[in-house]
Amino acid sequence: MFYKGFSPYEISMLKVAVNGYGTIGRRVARAVSLQDDMQVVGVIKARPDYIARMLTDRFRLYAPDQERLKVFEQNGLHVEGDLSNLLDEAEVVIDCTPEGQGEKNRPVYLKSGVRAVFQGGEESSIADASFNAYANYDQSSGKSMVRVVSCNTTGLARTLSPLRDSLGLKRVNATLVRRATDQNDSSKGPINAIEPSLGFPSHHAPDLRTVLGDIDVESVAIKVPTTLMHVHSVEALLEKPASREDILSEWSGFRRILEISGKDGRKSTAQVMDMAREMGRDRSDLYEIAVWKESVHVNGNTLRYIQAIHQESDVVPENVDALRSMFEVADRETSINRTDSKLEIGRK
């Protein structure tokens, strides 16, 4: 199969299509547009809603197919074409469509010869490799189909991979307290209930192993009626003994891990997201994984800590880095530095 693209280090401006302009897609499109080595050639939107009307000031709008193209035009929205037209202009597509739709889109991408990045809602079998920038950047090098792991898996991989590399990991046990839905979604629940996953492990454990490697991982997820963030309680058995100070020192070298303290008022996800608003980020996004310093506890080789995940945005920088790995245009450190700089990650 021939894929559009260039030899390593020959890309000056990578042409990127974004299929799906929902919670993740709109953030990914903006992040890509900020990079100096890639451009958004167009985005696919499924419905002519208020979001579609607003995005035309930022990006070229395309419809999924000819039938829906007509619906857009009937609603007074100019559309450049459909998915096939957009793929003719792109070298890679970032698929941000609803869970399961990516699998349906995959044959279209293969036929067009365009490389593709999928999101964590898809099964890992959809891609040649699963991706996390800290955990396994090089494994996506030169690949044609790559999957960025889910927001929860991204959060776990971010904080665990530096410890895997420096101290070694024998076992991980994670309890995930999950938000019910995103802030703009009023159709999902639970409303007045706590809903646990009833199987062990939850799907997050095998997902984490796709980027972290062959490590013993157990996980359980509990869904609660909030829209702000996820919270993880993590227990990790290290191969080497370490102190609390060793752990905090290790994390301090990684910009996408943000150490916070409840002593200054950041005791809950409400305050963490308020902090993100005060940081002046686009859409008040928090790309970093926030770890409460007071929660970090080490007993021998056993580490425990609690972290918060902004599910709407933590995978955004990973999508950008995945592109550079796939096209082999930057090594891990260079790509992460460039992405972090453009998104102001690590800026206090």
### Task
Assess whether ASP321 counts as being of a type in the set (Asp, Glu) and in a helix (DSSP H, G or I).
yes
### Task
Can you confirm whether segment 254-275 contains a residue that is in contact with a Lys or Arg (Cβ under 6 Å, 6 or more places away or on another chain), assigned by TED's automatic domain parsing to the domain that holds ALA129 and not in a loop (DSSP other than H, G, I, E, B)?
no
### Summary
Reported set for segment 105-137 where residues are in contact (Cβ under 8 Å) with a residue 12 or more places away in the chain, among the polar types (S, T, N, Q) and part of a helix (DSSP H, G or I) is ASN105, SER112, SER124, ASN136
### Of the criteria (1) among the polar types (S, T, N, Q); (2) over 17 Å from PRO201 (Cα atoms); (3) touching a residue at least 12 places away in the same chain (Cβ under 8 Å); (4) surrounded by fewer than 24 Cβ atoms within 10 Å (Cβ to Cβ), which one THR175 fails
(2)
### Task
Taking VAL79 as the residue in question, decide whether it is touching a Ser or Thr at 6+ places or on another chain (Cβ under 7 Å) and over 21 Å from GLY121 (Cβ atoms).
no
### Task
Pairs only if they're at least six apart or on different chains, beta carbon under 6 angstrom, first in segment 28-44 and under 15 Å from ASP340 (Cβ atoms), second among the aliphatic types (A, V, I, L, M) and in a strand (DSSP E or B); list them, first residue then second.
VAL32/VAL16; VAL32/MET38; VAL32/VAL40
### Task
Using the structure shown, decide if VAL296 is in contact with a helix residue (DSSP H, G or I) (Cβ under 9 Å, 6 or more places away or on another chain), β-branched (Val, Ile, Thr) and either in the same structural domain as VAL114 (by TED's automatic domain parsing) or surrounded by fewer than 15 Cβ atoms within 10 Å (Cβ to Cβ) (or both).
no
### Query
If you check VAL149, VAL220, which single one turns out to be under 14 Å from ALA135 (Cα atoms) and either assigned by TED's automatic domain parsing to the domain that holds LEU303 or surrounded by 21 or more Cβ atoms within 10 Å (Cβ to Cβ) (or both)?
VAL149
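Rundown of residues vs (1) more than 19 Å from ARG266 (Cα to Cα); (2) surrounded by fewer than 24 Cβ atoms within 10 Å (Cβ to Cβ); (3) in contact (Cβ under 8 Å) with a residue 24 or more places away in the chain; (4) within 19 Å of the chain's Cα centre (by Cα), yes/no style:
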residue: ILE306; (1), (2), (3), (4): no, yes, yes, no
residue: ASN319; (1), (2), (3), (4): yes, no, yes, yes
residue: SER325; (1), (2), (3), (4): yes, no, yes, yes
residue: VAL329; (1), (2), (3), (4): yes, yes, yes, no
residue: GLU333; (1), (2), (3), (4): yes, yes, no, yes
residue: ILE336; (1), (2), (3), (4): yes, yes, yes, yes
### Query
Do we have GLU278 as among the acidic types (Asp, Glu) and farther than 25 Å from GLY168 by Cα here?
yes
### Message
Looking for something in contact with an Asp or Glu (Cβ under 7 Å, 6 or more places away or on another chain) and small (Gly, Ala, Ser) - is there at least one such residue anywhere in segment 85-97?
### Response
no
### Query
Which ones in segment 183-233 are closer than 21 Å to GLU123 by Cα, assigned to a loop (DSSP other than H, G, I, E, B) and charged (D, E, K, R)?
ASP214
### Residue check, LEU303 in contact with a His (Cβ under 6 Å, 6 or more places away or on another chain), assigned by TED's automatic domain parsing to the domain that holds LYS170 and modelled with pLDDT of 95 or more
no
## Note on the structure
Result of the Cβ filter at 7 Å on segment 241-267, keeping first residues that are charged (D, E, K, R) and partners that are in a loop (DSSP other than H, G, I, E, B), at least 6 apart or interchain, is ARG244/VAL296; ARG255/ILE345; ARG255/GLY346; ARG256/TYR287; ARG256/GLU288; ARG256/ILE345
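The values are calculated or read from the model by the stated rules, or taken from the named source; none is laboratory data. Note that the coordinates shown come from a computational prediction; the quantities given were computed from them, not determined experimentally. Neighbour counts run over all protein chains shown; Cβ positions are idealised from the backbone, glycine included.
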